[in-house]
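Here the structure comes first, spelled out in structure tokens, and everything after it is commentary.
The values are calculated or read from the model by the stated rules, or taken from the named source; none is laboratory data. As the structure is a prediction and not an experimental result, all values here were calculated from the model. We place every Cβ from the backbone using ideal geometry, glycine too, and count neighbours over all the protein chains shown. The accessibility values were calculated without ligands, DNA or RNA, using every heavy atom of the protein model including side chains. Shrake-Rupley method; radii C 1.70, N 1.55, O 1.52, S 1.80 Å.
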Amino acid sequence: MFGKLVVLLLIGAIAVGLAARTTHGAGPERAYVVKPTDTLWSIAARTYAGDTRKGVWRLEQRNRLSSETLRPGQKLILPG
């Protein structure tokens, strides 16, 4: 009896763990070409829901940007 209870609890814990797993994004990465009026802030605000600062950080990290200055025509990868 005790063994069956332990097995059921283990299965329940695994099911909850799988269901509560976080995702790293809403979709696949995309390429983006910077327009003359774009800033990291404006791109992040358009692309990501929630805190725009987190979106700016994600863009900087994914594209290995050493400054926040963007050039028109520059290609960025938008993380999903």
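For residue 73, the conditions (1) at pLDDT 95 or above; (2) open to solvent by 90 Å² or more (accessible area, probe 1.4 Å) are fulfilled apart from (2). For segment 12-54, residues that are surrounded by fewer than 10 Cβ atoms within 10 Å (Cβ to Cβ) and either at pLDDT 80 or above or among the acidic types (Asp, Glu) (or both) total 6. Only residues that are open to solvent by 100 Å² or more (accessible area, probe 1.4 Å) and either touching a helix residue (DSSP H, G or I) at 6+ places or on another chain (Cβ under 9 Å) or at positive phi (or both) were counted across segment 55-64, and they come to 2.
Of the numbered criteria (1) out of contact with any Lys or Arg (no Cβ under 9 Å at 6 or more places or on another chain); (2) outside any loop (DSSP other than H, G, I, E, B); (3) hydroxyl-bearing (Ser, Thr, Tyr), the one residue 32 fails is (1).
When you check residue 8 against the structure, is it modelled with pLDDT of 70 or more and among the hydrophobic types (A, V, I, L, M, F, W, C), yes or no? It is true that residue 8 is modelled with pLDDT of 70 or more and among the hydrophobic types (A, V, I, L, M, F, W, C).
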